[in-house]
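One structure is given here, and the rest of the page talks about it.
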Amino acid sequence: MTERIAEFLMSDAGGVTLSVRPPLPFLPDGVRISGTRVDVYGETKRLLLEADPELISAIGQAGGLLLLEHASDGTDPPRELELLLTD
């Protein structure tokens, strides 16, 4: 099994990008904040990631984040999805 790598990137303009490799095993519908975690969810699956207060605030101010899913082998361009913040 390939280990999942996930990294948050915050831009100076206030946007947040989540970069993951390999791609998620589901099509995400949105993102939620649950305490100190960022919850990327879709269908009946989800990915929970710990986040610091600054990152949580940035996601809230941006109203969501940009998800970049990179292929395991790195030859295909990443899939980009805009995920809106829900309650």
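Each value in this text was obtained by applying a stated rule to the coordinates, not by laboratory testing. Treat the numbers as computed from the prediction; the structure is a model and nothing was measured. So basically every Cβ, Gly included, is an ideal-geometry build from the backbone, and we count neighbours across all protein chains shown.
General remarks:
- For the chain, the longest principal axis of the alpha carbon atoms and the long axis of helix 53-62 meet at an angle near 90°.
- Cβ-based net charge around residue 70, under 14 Å, with every Lys or Arg adding one and every Asp or Glu removing one: -3
- Summarising the amide proton neighbourhood of residue 42: residues at separation of 5 or more, or on other chains, whose placed amide H is nearer than 5 Å comprise 29.
- Normalised by the number of residues in the chain, the average gap of Cα pairs under 8 Å and 6 or more apart makes the relative contact order 30 percent.
- Computed from the Cα positions only, the extents of the chain along the three principal axes stand at 33, 31, 19 Å, in decreasing order.
- Using the Karplus relation 6.51 cos²θ - 1.76 cosθ + 1.60 with θ = phi - 60°, the per-residue 3J(HN,Hα) values for region 5-14 come to 10, 10, 9, 8, 10, 10, 8, 5, 7, x Hz, with x marking Gly and Pro.
- Hz values of 3J(HN,Hα) by residue in region 22-35 - Karplus curve (6.51, -1.76, 1.60), Gly and Pro given as x: x, x, 5, x, 8, 8, x, 9, x, 9, 10, 9, 10, x
- Here the Karplus relation 6.51 cos²θ - 1.76 cosθ + 1.60, evaluated at θ = phi - 60°, turns the backbone of region 15-20 into coupling constants of x, 10, 10, 10, 9, 10 Hz, with x for every Gly and Pro.
- The chain, helix-only ellipticity at 222 nm - DSSP H runs n ≥ 4, -39,500 (n - 2.57), divided by all residues, nearest 500: -3500 deg cm²/dmol
- Among 35, 64, 15, the residue with the largest mean-square fluctuation in a Gaussian network model of the chain, with springs joining Cα atoms closer than 10 Å, is 35.
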